[in-house]
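The values are calculated or read from the model by the stated rules, or taken from the named source; none is laboratory data. Every value quoted in this text rests on a predicted model; they were computed, and no experiment measured them. When we count neighbours, we look across all protein chains shown, and the Cβ atoms used for this are built from the backbone with ideal geometry, even at glycine.
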């Protein structure tokens with residue numbers, strides 16, 4: 001039996017310990033299993049068990065042009081989506097960071113995309129992009145523009161998917177930035193107004209430096225999720241047309257469940273893990289340097 005005094009002294013550790021162990025197991029086990037699987041060759045269609053091949057699977061994946069194309073699309077999708085979401089999120093946050101009639105209703109509307117399921121969003125936007133009866137081409141024709149193929153055209157499929165991501169996740173960035181703006185001290189603004197600074201000068205020289213840590217935090221959180229985007233792309237295009245929207249997650253899925261190359265799929269997922277981890281470390285170091 002544990003001494004009651006020991007329990008009392010360490011109660012703050014003992015109570016969350018089971019939950020912490022559960023979370024660690026759920027996080028660490030899939031990573032370690034995927035990493036170990038990446039050193040094997042395992043084709044489920046052959047009926048053979050996984051066979052250790054060392055770095056051969058890595059070398060084979062690195063030689064595949066389709067892998068590097070998927071890497072490029074993953075970065076293209078992520079940077080385009082997060083870039084627009086950051087700018088639009090800050091604009092909305094600045095608008096909502098003041099009192100006006102209907103503010104509560106607008107904030108409620110901003111939450112609606114966040115509570116919608118990705119599969120439902122994907123299906124709705126497929127209908128929106130439908131070339132013949134879709135609302136998107138109807139709007140373009142009404143404005144005098146030529147209709148587009150949207151997700152059916154290799155040149156427009158990634159921007160079309162980015163538009164869906166922007167619609168869904170800009171509200172999250174808005175809420176993050178709005179929380180940061182609400183926490184700022186009013187004293188620097190009062191001093192700047194007394195010194196005769198205009199609105200742009202106040203924003204650029206006071207607001208932006210003070211909220212940079214919040215902006216970088218939002219970028220990290222959103223980028224991690226954007227790098228791993230799967231459900232929207234799979235629902236809307238499944239990586240098509242051809243391979244034009246095949247990101248690393250979709251490529252890994254196709255390797256696993258279409259080609260049954262689980263060892264190679266594990267390599268792709270491990271590279272995706274390294275990309276997300278490296279990006280997170282880089283942005284956090286920039287944030288720490290900004291604090292310094």
(request) Among the residues of segment 111-145, write down those that are over 17 Å from residue 231 (Cα atoms), part of a loop (DSSP other than H, G, I, E, B) and out of contact with any helix residue (DSSP H, G or I) (no Cβ under 7 Å at 6 or more places or on another chain). (result) 130, 132, 133, 143, 144, 145
(request) Identify, from the list 57, 142, the residue that is over 30 Å from residue 183 (Cα atoms), over 20 Å from the mean Cα position of the chain (by Cα), at pLDDT 90 or above and exposed (fewer than 12 other Cβ atoms within 10 Å of the Cβ). (result) 142
(request) Give the residue, chosen from 45, 69, that is in contact (Cβ under 8 Å) with a residue 60 or more places away in the chain, in a helix (DSSP H, G or I), more than 15 Å from residue 274 (Cα to Cα) and over 23 Å from the mean Cα position of the chain (by Cα). (result) 45
(message) What are the pairs with Cβ atoms under 7 angstrom where one residue, in segment 116-134, is without any contact (Cβ under 8 Å) to a residue 40 or more places away in the chain and on the phi < 0 side of the Ramachandran plot and the other, located anywhere, is surrounded by fewer than 17 Cβ atoms within 10 Å (Cβ to Cβ) and part of a loop (DSSP other than H, G, I, E, B)? Sequence gap at least six, or different chains.
(response) 131/147; 131/149
(message) If a residue counts only when it is out of contact with any strand residue (DSSP E or B) (no Cβ under 7 Å at 6 or more places or on another chain), surrounded by fewer than 16 Cβ atoms within 10 Å (Cβ to Cβ) and free of Cβ contacts under 8 Å to residues at least 24 places away in the same chain, which helices (runs of 4 or more DSSP H) contained entirely in segment 157-239 have at least 3 such residues?
(response) 187-194, 199-202
(request) Assess whether residue 126 counts as being under 21 Å from the mean Cα position of the chain (by Cα), farther than 24 Å from residue 218 by Cβ and buried (at least 16 other Cβ atoms within 10 Å of the Cβ). (result) yes
